[in-house]
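What follows is one structure encoded as structure tokens, with my remarks underneath.
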Amino acid sequence: MKQDEALQLFEYRDGALYWRIKPSRGVNVGDKVGTICSTGHQRLMYRRKIYRVHAVVWLMHYGEIPKEIDHKDTNKLNNCIENLRLAQGKNQQNVGTRVDNTSGVKNVYWHKPTNRWSVIVSANKIRHNLGYFDDFELADLVATEARNKYHGAFANHGH
């Protein structure tokens, strides 16, 4: 899909897309575009091709669909153009605390062999083991500083 086609098909309002045409039976001009898929993103189908709604929003504003777009607030349904940014391989850095995390703090793990807290932060496909700590608060601080250092604007502290 090209930018001019997207601008003819959709109207962008407050982070959502609305049909400017009647694309199929049961869908009318002015209807909101998109359904939520298994990844939690909104997607749409046009001419038997599936598009991510946030990618079409980006296309409408900037003329291209990049490989990776990040939602700054991590809300996959917030497709406001102000909430979208190019990720360029950093999309996985802007994620919250994993659901299976037992420490409650992102990048801090209990290391049974040493009976201490371990801090591990990944960036650019490299795992940085930042050491073992007796003090949980110190491990949390080290993890926060490491995320700031390695992830920059994409640092998400999971709070």
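Readers should treat all values here as calculations from the given coordinates under stated rules, not as data from a laboratory. Everything numeric here is computed off the predicted structure, so don't read it as measured data. Virtual Cβ from ideal backbone geometry, glycine too; neighbours counted across all protein chains shown.
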Inset, instruction - Would you mind calculating the gained length between residue 22 and residue 148 on full extension (0.36 nm times residue separation, minus the Cα-Cα distance), in nm to one decimal? - result: 40.7 nm
Legend entry - Projected label distance in nm at residue 49 and residue 78, using a 7 Å step from Cα toward the beta-carbon: 3.0
Inset, instruction - Take the Cα of residue 7, step 7 Å along the line toward its Cβ, and report every residue of region 64-86 whose backbone nitrogen sits under 19 Å from that point. - result: 64-66, 81-82
Legend entry - Dmax and Rg, reported as Rg then Dmax, of region 3-86 (C-alpha, Å): 12.1, 35
Inset, instruction - Quickly rank 51-59, 22-30 as a protection proxy: mean count of other C-beta atoms within 10 Å, highest first. - result: 51-59, 22-30
Inset, instruction - Could you order peptides 136-148, 5-17 by the average number of other Cβ atoms within 10 Å of their residues, highest first? - result: 136-148, 5-17
Legend entry - Footprinting exposure proxy for 126, 69, 21 (fewest neighbouring C-beta atoms within 10 Å first): 126, 21, 69
